[in-house]
Structures are given as C-alpha cells and as structure tokens.
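Encoded as structure tokens, the structure appears first; notes follow it.
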Ligand SMILES: Cc1cc2nc3c(=O)[nH]c(=O)nc-3n(C[C@H](O)[C@H](O)[C@H](O)COP(=O)(O)OP(=O)(O)OC[C@H]3O[C@@H](n4cnc5c(N)ncnc54)[C@H](O)[C@@H]3O)c2cc1C
Ligand SMILES: Nc1ncnc2c1ncn2[C@@H]1O[C@H](COP(=O)(O)O)[C@@H](O)[C@H]1O
C-alpha cells in the first residue's frame, strides 16, 4: 500500500522546504501520493508535482482548507485514509496540530518527530529533549507520523507527477481563522538557512537585538533566539529555537549570550559547526561549541560584523 | 463552567535525562520528578479563569503511578479545587501513551461535563505533543493548540496561537480543548499555607477499568540510546582567530 504525505500549504503557499524534506522520509516507505489542500492551491500542486518521488498529487482547492485548520483537514484525510498504510506530515506546528487528530480518529497512536525510518513499522525519534533516542515499532495497521525535517534532505526537483483534483469533504468546523500576525522579513527561513545567528537573554533588550540582526545580515543568515529572549520580548516567538521551538541543523550556528540550557540545545545541537560567544567561561553552551569565544558580546559581535 | 486540567508527572525540567545501560529507557528512579511545566501553565490559566469568575471549579486529573498524587497535590496547592488520579500502572518506567490518556480523559470529561479542558502542549518526557489533539478528536470539541492567549466571550473562545511563522488568531466555539504554550502565562509560586490546605482537598482514586479503557501500548520500545556525542571543541582567543578558523578549518565561511 502506498504512502500519503500531507503537504504544508497555508493560504495557497507551499512550504516547500519542510514538505520536500518530509517527502524524502516518506519515499523510504513506498510510493508517495501528496495531498495538497488549501484555498487557491493550484500553483502549489504544480510545485509538488515537480518534486522527485511523487506518484501523484491530490489537490483539494477549497477555502475551507485555507489555513489548514485541524478539523476540516482531518475530515479530508480520513476520506482517503483507507487507501494508505502510512500517513505522513512534516513536524511543523501545522503538521503537529493535525497528525494526532487523524491518528485518534483512526484509533492508532501517532509517532511524533520521526528522525529515521528503519522499516515500514520501525521508527526512531528523540525523547527527553533529545537526550535520549528511542526506537519504536508499531502494531497499528495504519501508521500516522510527523517527520523531523532537520533530519532529512530535501527531495530533488525534476518530477512530473499528475495532479488530480479531490472532492471536498463537508465539515462543520467549530474553529475559524481570524488573522495572522507575521513579521515580514527578507532573511532566510530559520529551518532552511545554512547559517543561523541566535541571541539570548544576554543580548539584554529588543533594541540590542539589532546587533544580532546586523551580524546575521552580513552572513546572509537567519536569526534565532532562546526562550528567555522571546519571553522577555527581545524577539518574536517564531524565532525560538529549542525543544519546544524550532529544530534546526544549519552548517553554522552562532549562539550569542545564550547559556545552553538542555531545552535550547535540543533544538540546535545537530548543527554542523557551533560557535558560542558568552562572557561566562563556564556556560554549558561551550560544551557543545566547536569554537567558543569568551567575550562580552557587545564588543565581539560588532567587531565580527565589521570584519566580515 | 468547570475546567478540567490534565497534568503529568515527569522528570524535572532541570534534570538531564540519563539513559539506562540496558537501553530499556531513561533512569527515573531517584530522579527529581515534577509537574510537567506546560501543565503548570495550564493549571495557572484555569485558576485565573476561576478568579475572573469565568470558571466555577478547576479539576486536576492525572494518569500514572500512585505517587502521582504528589503532582496532583501541587496542582491543588496552586489552586485547583479537587483532583482525580487514574492509577494505570505500578511502574515508574511505564509511560501511558497519549491515545490511552486521551481515551481516559474523554471518559472523565463525559462524567464531569467541563466547558473546557486545558492541557499542556507537550509532555517534556516523551515529547509527543499529541494528547490534546487526540482528546479533541474523540470528543468532537473545538481543537485549540499552542495557545498563548485565551479569552472567553460567551460561547466563543478568542485565541492567539503560537505557530511557525508567528502568531495566529482564531475563534473557537465552546466547549473546547486547549493546549497551553509557554507564553500563555507565568505560573504562580505555591505558598506554604496553600500546600497545607491542598492536603485536605479531595483526591479521588480511580483505575482504567473503572472507565472500561484498555491502556496497553500501541508502540513497543525496542531501544533507548544516547544521542551521538559531539566532539570536544576549542576556545578561541579573539574574533580574528574565530573568523580565521571558520574559514580555513571548518570551511563554513568563505
Ligand atoms: C518546558 C520548557 C520548555 C523550554 N523550551 C525552550 C526552548 O524551546 N528553547 C529555549 O531556548 N529554551 C527553552 N526553555 C528555557 C530554558 O530552560 C532556558 O531557560 C533558556 O534557554 C535560557 O535562555 P538564555 O540562555 O538566553 O538565558 P540565560 O540562561 O539567562 O543565559 C544568558 C547567557 O548570556 C550570557 N551573557 C550575559 N551578558 C552577556 C554579555 N554581555 N556578553 C556575552 N554573554 C553574556 C550569560 O553568561 C548567560 O550564559 C524551556 C524551558 C522549559 C521549562
Ligand atoms: N499521563 C498523563 N496524565 C495526565 N495528563 C497527561 C498525561 N499524559 C499527557 N497528558 C496531558 O497531555 C499533554 C500533552 O502530552 P503529550 O501528548 O504526551 O506530549 C500534557 O501536557 C498533559 O496536559
């Protein structure tokens, strides 16, 4: 039986990075049909059809799927679930919102944040903020899972799958979307950027975060933050890296004024190269840093920005 | 309106989990256990709704070993009115899966008829992030995850959610299942007199059989191992040396 990958499409826009990474994982399980549901998602369906490893794209173009609310999305997925053994989502906030709902309606467990696939019923996932790695097998007939995108490369372009339109499933949704508060930015996405510069509580204020942003812009990097920086209002919530924020694995991660709590490390310790700038030489972040610089960030960061 | 708050007993967030040498799991004996941090936030939110006159009673419920009474006492000391413990296992090493927890919670919800269930978004031990979504599906109630702000307005809940690209505002019809994100509120400290008072609050003991729910797991854990360790790094003396190393040694900058 084949695999259903639920693409992340919000307001008609494909989140290509996370979907293409989840596709790489899904393809290890069998032939992959991709569900593309949103309002005005024809272009997104075409983009999906052009990814390698896609068998066909099922396109449900309807305003009720615009922001992928869990209730209508789950009803739609349930309508085709009997054709699939595996139902796969990227482990984004949207995917993690829908997948457990689908699993419960199918009376199966959900397998969250899969980082490796050992076989059709055996999966590897992190627990305890990534301080332990669990291998599980499931006896459930259907396997519903979310894929930790940082653990897989993107599927390549060059496919030419067919796009089929799919019938909308009526759903009296009790939840209605009102608005998004999104900060527009020209910077790369946190989860797909090769370089990330993150600031923590040590940065001290929202104004001072401009130092972090200036360094990031010189490096063509995305900007991240610790929970403490977000809680204090220095940075928006979508910059949070960690156990309960975003999971990233860039080529280069620069942690500035971040102590290195377990929950922060959980989100970034698979980065290829880690740099830490901290004035406390005993900060735990130095235990995972390839290059540690004990310095005041207010000296080191501007110096670095100027030298690049 | 009653509010039901499921709370889980987990390893304290400040403790670094240690994998057992036989690869069967994480060492939980003689380790500091606490209320799951997100559940503390959920309790706090429920109590604030009661203080605001929106809720009439806050019921904390947990599924786990008998010792989980301690966790429920914490919730009671914070201000929950009463508690229910569903004693589902004798072993600290057995983790009841979200699907079974959700099924039990659906039964408790049917009995207690709350207007809202507030859970944590994620248990910091299994990191599943699933129970609230599953409960909402089983009840057919509004699903409201990752809430950073909630406001009850008659039969409607106005919610701000934390999502990958920022914040999302939604409205949800009541009754609703809500999962709490980090910035929903800052939980209060428990005062000593309240700890004493909590000892006298009702704590009902139940079993899964009382609800006719089979809690046997669907997933079988084959092994639990440590993640690969990172090779030790070095300290550099200056920004110049750092940039030089990043270019010539690590080759991540050009
Ligand atoms: C349930 C739960 C979930 C969590 N999830 C996350 C998560 O997803 N992500 C996350 O990041 N955290 C998370 N946390 C929080 C985590 O435990 C830490 O509290 C947090 O990561 C600390 O942030 P920080 O390192 O910025 O702050 P601090 O720990 O306060 O560290 C600040 C650092 O800045 C340094 N510093 C100060 N001034 C300067 C200066 N002038 N120059 C250089 N260095 C300086 C200090 O030496 C210190 O090391 C979570 C916690 C809980 C309980
Ligand atoms: N054994 C349990 N007892 C009570 N509540 C639980 C239990 N397991 C999970 N929960 C609730 O479900 C939330 C999410 O947990 P999880 O889906 O396991 O990540 C937690 O924050 C709790 O509110």
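Observations, loosely collected:
- For the Cα trace of the protein assembly as shown, dividing Rg by the Kirkwood Rh returns an Rg/Rh value of 0.96.
- As a proxy for reagent exposure, A:186, A:62, B:127, B:12 were ordered by neighbouring Cβ count within 10 angstrom, fewest first; the result is A:186, B:12, A:62, B:127.
- Among B:247, A:246, B:173, the order by Cβ neighbours within 10 angstrom, fewest to most, reads B:247, B:173, A:246.
- Cα long-axis angle, helix A:209-219 against chain A (0 to 90 degrees, to the nearest 10): 70
- Chain B: angle of helix B:98-112 to the longest principal axis, Cα-based, in degrees nearest 10: 30
- Hydrodynamic radius of region B:2-226 per Kirkwood, over alpha carbon pairs, in Å: 17.8
- 0 to 90° range, to nearest 10: angle between helix B:239-248 axis and chain B longest Cα axis: 80
- R0 of 35 Å, Cβ-Cβ distance residue B:54-residue A:186: FRET efficiency to nearest 0.05: 0.25
- Rh by Kirkwood over Cα pairs, then Stokes-Einstein D for region B:1-59 at 1.002 mPa s and 20 °C, µm²/s: 160
- Other protein chain Cβ atoms within 10 Å, averaged over every residue that makes up B:175-186: 2
- Inter-chain Cβ neighbour count for A:102-111, averaged per residue, equals 6 (cutoff 10 Å, partner chain atoms only).
- When both bridge partners sit in the protein assembly as shown, DSSP labels roughly 35% of those beta bridges antiparallel.
- Per-residue shielding of A:171-180, expressed as the average number of other chain Cβ atoms within 10 Å of the residue Cβ, stands at 6.
- For chain A: rounded, prolate or oblate by the Cα gyration tensor [a/c cutoff 1.5]: prolate
- Helix content alone sets the calculated 222 nm mean residue ellipticity of chain B: runs of n ≥ 4 DSSP H residues at -39500 (n - 2.57) each, divided across all residues, give -8000 deg cm²/dmol.
- For chain A, a Gaussian network of Cα nodes joined below 10 Å ranks A:154, A:64, A:205 by mean-square fluctuation, and the top entry is A:205.
- Annotation: the residues B:121, A:16, B:235, B:32, sorted from fewest to most other C-beta atoms within 10 Å of their own C-beta, follow the order B:32, B:235, A:16, B:121.
- Sum of -39500 (n - 2.57) over DSSP H runs of 4+, divided by residues of chain A (222 nm, nearest 500): -7000 deg cm²/dmol
- Two-site FRET efficiency, residue B:250 against residue B:113, from Cβ-Cβ distance with R₀ of 60 Å, rounded to 0.05: 0.50
- Fluctuation leader among B:15, B:108, B:92 - chain B, Gaussian network, Cα springs under 10 angstrom: B:15
- Nearest-0.05 FRET efficiency for residue B:241 and residue B:209, computed from C-beta distance (R0 60 Å): 0.35
- Cα gyration tensor category, rounded, prolate or oblate, for region B:209-254 with a/c compared to 1.5: prolate
Only the coordinates and a few stated rules stand behind these numbers; no lab work does. Computed from a prediction, not measured in an experiment: that's the story for all the values here. Don't worry about glycine lacking a Cβ; one is built from the backbone with ideal geometry, like all the others, and counts go over all protein chains shown.
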